[in-house]
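The values are calculated or read from the model by the stated rules, or taken from the named source; none is laboratory data. Values in this document were obtained by computation on a predicted structure and should not be read as measured data. Methodologically, a virtual Cβ is constructed for each residue, glycine included, from the backbone with ideal geometry; neighbour enumeration extends over all protein chains shown.
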């Protein structure tokens with residue numbers, strides 16, 4: 001089974017702090033994604049990556065950056081956390097080189113961030 | 001561009017009753033469609049998916065969904081609800097370019113919270 005592991009389930013940070021959210025997948029997937037989940041808004045894509053050292057902006061990239069130095073690891077960075085970034089963050093991965101890539105995602109359990 | 005609308009942010013049913021969660025999509029190319037489920041304090045788990053072929057798709061835990069192109073819908077149903085079905089459900093569509101290639105990027109609906117009463 002695919003396993004996507006997010007390093008922290010719950011975090012509490014203060015406004016202005018730098019925050020790192022780590023995600024590791026063990027199935028050699030090319031694609032990795034960071035989503036943000038808020039009540040009533042569903043999941044919104046922050047950033048995604050198709051390969052090492054490659055990144056693309058999603059729908060809501062402002063205030064975030066990412067890093068993908070190794071294929072299995074995709075990090076989300078909040079350079080200066082703000083209260084409106086309090087949310088659930090979900091990491092996901094998928095395989096790129098399928099005959100027909102249906103886009104099925106495998107998710108981690110989420111990281112709930114509270115910014116005070 | 002693709003988009004997804006889930007009708008009803010909350011649905012409440014009695015145990016044993018029919019479950020119907022509604023999803024409509026917008027896509028300029030034939031879509032790939034998904035239903036995911038999220039139990040409390042967990043990530044999302046795939047329930048079922050439609051890619052090509054048979055329009056009635058069966059998934060895990062007795063759920064099924066029917067792709068109706070004429071109605072641009074992909075509603076999720078289960079004949080008899082169980083208490084364990086209480087969760088949040090998300091409909092999603094794959095981004096595909098004009099040539100039909102998918103790059104693994106999904107657009108999600110707003111989610112529907114299912115409550116099951118004894």
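The table below gives the values:
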read-out	value
Test: residue in the stretch B:69-78 that is within 11 Å of the chain's Cα centre (by Cα) and within 11 Å of chain A (Cβ to nearest Cβ)	no
Unmet requirement for residue A:34, which otherwise passes all of (1) in a strand (DSSP E or B); (2) more than 20 Å from residue B:44 (Cβ to Cβ)	(2)
Count of the stretch B:48-59 residues which are assigned to a strand (DSSP E or B) and within 11 Å of another protein chain (Cβ to nearest Cβ)	3
Condition broken by residue A:12, with the remaining ones in (1) over 14 Å from the mean Cα position of the chain (by Cα); (2) surrounded by fewer than 18 Cβ atoms within 10 Å (Cβ to Cβ); (3) not in a strand (DSSP E or B) satisfied	(3)
All positions within the stretch A:31-67 that are over 21 Å from residue A:87 (Cβ atoms) and more than 8 Å from chain B (Cβ to nearest Cβ)	A:51, A:52, A:53, A:54
Matching entry among B:45, B:38 (being within 14 Å of another protein chain (Cβ to nearest Cβ), within 12 Å of the chain's Cα centre (by Cα) and within 18 Å of residue A:41 (Cβ to Cβ))	B:38
Residue within the stretch A:17-35 that is at pLDDT 90 or above and closer than 20 Å to residue B:3 by Cβ present	yes
Single condition residue A:5 does not satisfy, out of (1) surrounded by 13 or more Cβ atoms within 10 Å (Cβ to Cβ); (2) away from every other protein chain (no Cβ under 11 Å); (3) more than 26 Å from residue B:109 (Cβ to Cβ)	(2)
Selection count, the stretch A:16-31, where residues are over 17 Å from residue A:112 (Cβ atoms) and outside any strand (DSSP E or B)	7
Filter pass, residue A:89 being buried (at least 21 other Cβ atoms within 10 Å of the Cβ), within 14 Å of another protein chain (Cβ to nearest Cβ), closer than 25 Å to residue B:39 by Cβ and at pLDDT 95 or above	yes
